[in-house]
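This report concerns only the one structure given below.
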Amino acid sequence: VPISTRVSGIVKGADSPYYVGLRRVEEDPYDELDNPNGVIQLGLEENKLSLDLVKDWLAEHASEAMLGNGKELSICGIATYQPFDGLMEFKVAVARLMSQVMEKGVIFNPSQIVLTAGATPAIEILSFCLADTGNAFLVPTPCYPGFERDVKWRTGVEIIHVPCRSADNFNLNIAALDTSFNQAKKRGLKVRGIIISNPSNPVGNLLSRETLYSLLDFAREKNIHIVSNEIFACSTHGNEEFVSMAEIIEPEDIDRKRVHIVYGLSEDLSLPGFRVGVIYSLNEDVLAAAKKLTRFSSISAPTQRLLTSMLSDTRFVQTFIATNRERLQRMYVQLVAGLEKMGIKSIKSGGGFNCWADMSGLISSYSEKGEVELWERLLNVGKVNVTPGSCCHCIEPGWFRICFATLTEKDIPVLVERIQKVLKPVN
Amino acid sequence: MVAISKIATGNGHGENSPYFDGWKAYETNPFHPTDRPDGVIQMGLAENQLCFNFVKKWVIEHPEASLCSAQGVNKFKETALFQDYHGMPEFRQAVAKFMGKVRGDRVKFEPDRVVMSGGATGAHEMVAFCLADPGEAFLVPTPYYPGFDRDLRWRTGVELVPVVCESSNDFKITRNALETAYEKAKEANLRVKGLLITNPSNPLGTILDRETLTGIVKFINEKNIHLIGDEIYAATVFTEPEFVSISEIIEEVECNRDLIHIVYSLSKDMGFPGFRVGIVYSYNDAVVSCARKMSSFGLVSSQTQHLIASMLSDNDFVDSFIVESKKQLLKRHKYFTWSLSQVGIGSLKSNAGLFIWMDLRKLLKEKTLEAEKDLWRVIINEVKLNVSPGSSFHCNEPGWFRVCFANMDDHTMEVALLRIRTFMLKHNEAMVPQKLCRRSSLKLSLSRRRDGFMSPSIMSPHTPLPPSPLVRART
């Protein structure tokens, strides 16, 4: 007897380069000492650069971390049913973190927060709340590959890709959004919103204040929502200014009802295993619905308790933010320098863990096929796992996403050598 | 203004039903032994708080199981980064072993079939997404957990068709009832994709016998539909007869295993609802593969996986926990049902779960839904107990109430029983006309009580013949 038709698409996806690459690394992971010929992981968006800071905090504050306000461990306090959308004390701590991270005096109100088990369900919940089956979201590309799953799988909502171009440094183009919107209308597809990532993923662009205002104007004109995925807000590096959608929206602004921010601790705090996601919205109806939907994706109470303690140590958070940014900057600069040495240019990134590299001159044919061929050679011959741009729905072939935050400085020359091996013509 | 979705604005969440009035009453005035002694006592939440001290002792003795200790912090980095939707191997192994132990090691569970989800709530929704398309249906025997209406239908678009079970035969799931429901679905043009059973039952607290389970497995094979077994109360079976799981039946009866799926969780059996540990265990490889990918929407926190892996691999702890939990549940159940019988309240004979299925049919003014609702409002507002009316469980007969007993300490239980006693005394007095003398009034109440609780189907096996409290009060 069949399973549902709606999941038949899901079962198929397992052979995309993204998953194949991950599996190869799992089977044969590079280690400087134990496995120097293993596959170097450059395909996982994780940050290992500052995890030691968190571990040190934990080692120092271990016992208070789980006790909360009491002196004695109270199983009853954390094992029993808790509000599905998160403990208020944790919301307060998260709101404070967001204020610290996004700076500029923006105060995040804990009452406007709904907590979820990771940013993945946060995006899915917003999809369910803002659009009906058969409706669509505009998504500028290249984009995070996971949106296919988060926005579409179970909701029946469509994604309309709005290609950004290398000529614009892959920056958001409002005219392109407008064209896509109108084309969708002609096809009878109702667009309910735009999903942006800021800092953008995979390119790493920071959206300028002007762009954000223009985006808001566009959304107002079409009467649609904006979902701003800001999960790399703390992972900015370099000198550019990060502007959150929260800065653009005034508390009395009628447009506040159309803006929803997604945040999380997986990227900025390097805690993807703990499953902490945030929906921040000033739209009471969306919040009320999202709150009820968190019953399917709630954060484990002991994890909330632990992180409340950690985030309440504001001095630690300050130090972490600053140190993390420094380390990201250093690794990014080294990787870019290494790539430049091989003649590989990349888009200047203001945040995130990726280097968006242009290898279009190095592919055998200017097509997705040529791009995937190069990816395969890099994986099988060079033994480095990068992500081909087609996985990120980039329409220009030859761009590759290289994640650098799982590397150590010693890995850079190794991976440069490996890539060089692949690019050298065979004698 | 900018519109939002139908799912967001509709009533799929089910919280506008009168069922939630009880919860609201509790939330505005919750009982507290010292601060709010007149508050509403929560007896509508199936939570297991009876073994917390037992667990606490283990946690204190095993600091390495927690990341927040000098002994455990060295595991922090790998744990914090672990977001693989396969779940930690140690976690899956420990859960598979636990599930086996709960079934007396009569069956073995494979760790590779253990898939995580956001609690049993998330597990049920995930299974519905995997097995049925919008507009298709599951059959569900009544009375059933009200949350199914929301969890299985809200975002999935799947329909539920009740399999009506009757009190006349202790709500048994008969072949006849199954066939009737199946036909009804056909008439309504609904394609039935599966049958969902909860065993042990919520709200009944009973378990399905081998014969019934075999009949169910045969039925689903004949109709070629899926069988989803919600076994989240498996370890709460506190006395005979012994629990029989679907996993055991399929070893005995010919069955297409691709049809068999189990929903599990640690929320009830271990009393850890706050940890959000839900499990989908399927014998169908395609479902395992698909559910695993979907589990990204409800992965168990790696910190929690680590703790649970440690705890449930400790064989001594698990074995003694299972025994201790049953002991505590039996003790509480016995005391509670006996105390109720003292005042003429009977309940369905049960041997599992965190609640009883209380029989207040004779207190209804008439055999209607309205009368049940009226009685329920009296219980909430005057007796100040939040219990759950049978209608919210789709029970076809008014007058039944689910009453939870494992989510409170002994003192709170006493307060609840006192309130029930007081209410029943007032009620019994009110039923007697004023002019009758004391002796006859005693006689009248005695006989009514006897009818009420001594009929075999609803007498608890642990209820001795009690002396009348009325007699005690007067002598």
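Checking B:Glu61 against (1) farther than 30 Å from A:Ala288 by Cα; (2) surrounded by 18 or more Cβ atoms within 10 Å (Cβ to Cβ), which test does it fail?
Just one mismatch for B:Glu61, condition (2).
Would you mind finding the one in A:Leu206, A:Leu216 that is assigned to a helix (DSSP H, G or I), within 24 Å of the chain's Cα centre (by Cα) and of a type outside the set (S, T, N, Q)?
Values: A:Leu206 fails: assigned to a helix (DSSP H, G or I).
Exactly one residue qualifies, and that residue is A:Leu216.
Report, by residue number, each residue of region B:156-183 that is open to solvent by less than 10 Å² (accessible area, probe 1.4 Å) and either assigned to a helix (DSSP H, G or I) or within 14 Å of chain A (Cβ to nearest Cβ) (or both).
Answer for region B:156-183, where residues must be open to solvent by less than 10 Å² (accessible area, probe 1.4 Å) and either assigned to a helix (DSSP H, G or I) or within 14 Å of chain A (Cβ to nearest Cβ) (or both): B:Thr156, B:Val158, B:Leu178, B:Ala181.
Which of the residues spanning region A:42-58 are under 30 Å from B:Ala286 (Cβ atoms) and within 12 Å of another protein chain (Cβ to nearest Cβ)? Working first, answer last.
First, the residues of region A:42-58 that are under 30 Å from B:Ala286 (Cβ atoms): A:43-46.
Scanning region A:42-58 gives A:Leu44, A:Glu45, A:Glu46.
For region B:195-249, which residues satisfy the criterion of being outside any strand (DSSP E or B), open to solvent by less than 10 Å² (accessible area, probe 1.4 Å) and among the small types (Gly, Ala, Ser)?
B:Gly205, B:Ala234, B:Ala235, B:Ser245, B:Ser247
Say we look at region B:3-24 and pick out the residues that are outside any loop (DSSP other than H, G, I, E, B) and at pLDDT 90 or above; which of these is farthest from the other protein chains (Cβ to nearest Cβ)? Walk me through how you get there before you give the answer.
Our first condition is that a residue be outside any loop (DSSP other than H, G, I, E, B); within region B:3-24, this holds for B:6-9, B:19-24.
This time we only want the ones that are at pLDDT 90 or above, so: B:6-9.
On the way: B:Lys6: 5, B:Ile7: 5, B:Ala8: 4, B:Thr9: 7 Å.
Here the answer is B:Thr9.
Give region B:329-351 a look and list any residue that's open to solvent by 20 Å² or more (accessible area, probe 1.4 Å) and among the hydrophobic types (A, V, I, L, M, F, W, C), or say none.
Within region B:329-351, B:Leu330, B:Trp338 qualify.
Being over 23 Å from B:Val40 (Cα atoms) and open to solvent by less than 10 Å² (accessible area, probe 1.4 Å) is the filter here; which residues of region B:352-377 pass it?
B:Ala352 - this is the single residue of region B:352-377 that is over 23 Å from B:Val40 (Cα atoms) and open to solvent by less than 10 Å² (accessible area, probe 1.4 Å).
Which members of region A:170-182 meet the condition of being open to solvent by 40 Å² or more (accessible area, probe 1.4 Å) and farther than 21 Å from A:Ile231 by Cα?
Of the residues in region A:170-182, the ones open to solvent by 40 Å² or more (accessible area, probe 1.4 Å) are A:171, A:173-175, A:178-179, A:182.
Correct list: A:Asn173, A:Ile174, A:Ala175, A:Asp178, A:Thr179, A:Asn182.
Out of everything in region A:111-128 that is small (Gly, Ala, Ser) and open to solvent by 10 Å² or more (accessible area, probe 1.4 Å), what residue ends up being nearest to the other protein chains (Cβ to nearest Cβ)? Show your work before the answer.
Restricting attention to region A:111-128, the residues satisfying the condition of being small (Gly, Ala, Ser) are A:111, A:117-119, A:122, A:127.
Subsequent filtering for residues that are open to solvent by 10 Å² or more (accessible area, probe 1.4 Å) retains A:111, A:119.
Numbers: A:Ser111: 17, A:Ala119: 11 Å.
Top of the filtered list is A:Ala119.
Kindly provide the set of residues from region A:258-283 that are small (Gly, Ala, Ser) and open to solvent by less than 10 Å² (accessible area, probe 1.4 Å), ordered by number.
We begin by selecting, within region A:258-283, every residue small (Gly, Ala, Ser); these are A:264, A:266, A:270, A:273, A:277, A:281.
A:Gly264, A:Ser270, A:Gly273, A:Gly277, A:Ser281 - these are the residues of region A:258-283 that are small (Gly, Ala, Ser) and open to solvent by less than 10 Å² (accessible area, probe 1.4 Å).
Hey, any hits in region A:243-255 for a residue that's facing chain B (nearest Cβ under 10 Å), assigned to a loop (DSSP other than H, G, I, E, B) and touching a residue at least 60 places away in the same chain (Cβ under 8 Å)?
Filtering region A:243-255 for residues facing chain B (nearest Cβ under 10 Å) gives A:254-255.
The next check asks that each one be assigned to a loop (DSSP other than H, G, I, E, B); those that pass are none.
No: region A:243-255 contains no residue that is facing chain B (nearest Cβ under 10 Å), assigned to a loop (DSSP other than H, G, I, E, B) and touching a residue at least 60 places away in the same chain (Cβ under 8 Å).
Could you say which residue among B:Val40, B:Val73, B:Val55 is touching a helix residue (DSSP H, G or I) at 6+ places or on another chain (Cβ under 6 Å), β-branched (Val, Ile, Thr) and modelled with pLDDT of 95 or more? Show your work before the answer.
Values: B:Val73 fails: modelled with pLDDT of 95 or more; B:Val55 fails: modelled with pLDDT of 95 or more.
None of the others qualify; the one that does is B:Val40.
Could you go through region A:52-71 and let me know if any residue there is open to solvent by 40 Å² or more (accessible area, probe 1.4 Å), modelled with pLDDT of 85 or more and part of a loop (DSSP other than H, G, I, E, B).
Looking through region A:52-71, none of the residues is open to solvent by 40 Å² or more (accessible area, probe 1.4 Å), modelled with pLDDT of 85 or more and part of a loop (DSSP other than H, G, I, E, B).
Can you tell me how many residues in region A:258-273 are in a helix (DSSP H, G or I) and modelled with pLDDT under 95?
Of region A:258-273, the ones in a helix (DSSP H, G or I) are A:258, A:272-273.
The next check asks that each one be modelled with pLDDT under 95; those that pass are A:272-273.
Looking only at that region, the number is 2.
Would you mind listing the strands (runs of 3 or more DSSP E) fully within region A:131-202 where at least 1 residues are in contact with a Gly (Cβ under 6 Å, 6 or more places away or on another chain) and within 14 Å of chain B (Cβ to nearest Cβ)? Break it down stepwise before answering.
Details: elements: A:136-141, A:158-163, A:191-197.
Once the strands (runs of 3 or more DSSP E) in region A:131-202 are filtered for at least 1 residues that are in contact with a Gly (Cβ under 6 Å, 6 or more places away or on another chain) and within 14 Å of chain B (Cβ to nearest Cβ), what remains is A:136-141.
Residue check: is A:Glu368 touching a residue at least 40 places away in the same chain (Cβ under 8 Å) and either crowded, with 21+ Cβ neighbours inside 10 Å or not aliphatic (A, V, I, L, M) (or both)?
Taking the combined requirement at face value, the residue does not satisfy it.
Among the candidates B:Phe405, B:Phe401, single out the residue that is closer than 20 Å to B:Asn202 by Cα and out of contact with any His (no Cβ under 7 Å at 6 or more places or on another chain).
On the way: B:Phe405 fails: out of contact with any His (no Cβ under 7 Å at 6 or more places or on another chain).
Going through B:Phe405, B:Phe401 in turn, the sole match is B:Phe401.
Which of the residues that make up region A:300-341 are among the small types (Gly, Ala, Ser) and open to solvent by less than 10 Å² (accessible area, probe 1.4 Å)? Break it down into steps so the answer makes sense when it comes.
Going residue by residue through region A:300-341, those that are among the small types (Gly, Ala, Ser) are A:300-301, A:309, A:312, A:322, A:337-338.
Once the filter is applied, which keeps residues that are among the small types (Gly, Ala, Ser) and open to solvent by less than 10 Å² (accessible area, probe 1.4 Å), region A:300-341 yields A:Ser300, A:Ala301, A:Gly338.
Select from region A:1-22 the residues that are surrounded by fewer than 14 Cβ atoms within 10 Å (Cβ to Cβ) and either farther than 18 Å from B:His86 by Cα or at pLDDT 85 or above (or both) and write down the one among them that is nearest to the other protein chains (Cβ to nearest Cβ).
Once the filter is applied, the top-ranked residue is A:Thr5.
For (1) more than 11 Å from chain A (Cβ to nearest Cβ); (2) modelled with pLDDT under 95; (3) within 23 Å of B:Ile207 (Cα to Cα), each residue gets a yes or a no:
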position	(1), (2), (3)
B:Ser267	no, yes, yes
B:Gly274	no, yes, no
B:Ser289	no, yes, no
B:Gln303	no, yes, no
B:Asp316	yes, no, no
B:Tyr335	yes, no, yes
B:Ile345	yes, no, yes
B:Ile356	yes, no, yes
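Do you know which residues across region A:233-257 are farther than 15 Å from A:Lys104 by Cβ and open to solvent by less than 10 Å² (accessible area, probe 1.4 Å)?
Once the filter is applied, which keeps residues that are farther than 15 Å from A:Lys104 by Cβ and open to solvent by less than 10 Å² (accessible area, probe 1.4 Å), region A:233-257 yields A:Ser235, A:His237, A:Asp255.
From the residues in region B:113-134 that are facing chain A (nearest Cβ under 8 Å) and among the charged types (D, E, K, R), which one is surrounded by the most Cβ atoms within 10 Å (Cβ to Cβ)? Steps first, please.
First, pick out the residues of region B:113-134 that are facing chain A (nearest Cβ under 8 Å): B:118-119, B:121-122, B:125, B:129-134.
Next cut, among the charged types (D, E, K, R) only: B:125, B:133.
On the way: B:Glu125: 29, B:Asp133: 17.
Among those that are facing chain A (nearest Cβ under 8 Å) and among the charged types (D, E, K, R), it is B:Glu125.
Can you pull out the residues in region B:70-88 that are in a helix (DSSP H, G or I) and open to solvent by less than 60 Å² (accessible area, probe 1.4 Å)? Lay out the reasoning, then the answer.
Start the filter on region B:70-88 by keeping residues that are in a helix (DSSP H, G or I), which leaves B:73-81.
Answer for region B:70-88, where residues must be in a helix (DSSP H, G or I) and open to solvent by less than 60 Å² (accessible area, probe 1.4 Å): B:Val73, B:Phe76, B:Thr79, B:Ala80, B:Leu81.
Restricting the first residue to region A:280-294 and requiring it to be at the interface with chain B (Cβ under 10 Å from one of its Cβ atoms), which pairs with a second residue that is in a helix (DSSP H, G or I) meet a Cβ separation below 6 Å and a spacing of at least six or different chains?
Note: pairs meeting the criteria are A:Asn283/A:Lys257; A:Val286/A:Cys129; A:Ala289/A:Cys129; A:Ala289/B:Ala8; A:Ala290/A:Ile125; A:Ala290/A:Cys129; A:Leu293/A:Ile125.
The values are calculated or read from the model by the stated rules, or taken from the named source; none is laboratory data. Bear in mind the structure is a predicted one, so any value in this text is a computation, not a measurement. Positions of Cβ are backbone-derived with ideal geometry, glycine not excepted, and every protein chain shown enters the neighbour counts. We work out accessible area using only protein heavy atoms, side chains counted, and drop any ligands, DNA or RNA first. Shrake-Rupley method; radii C 1.70, N 1.55, O 1.52, S 1.80 Å.
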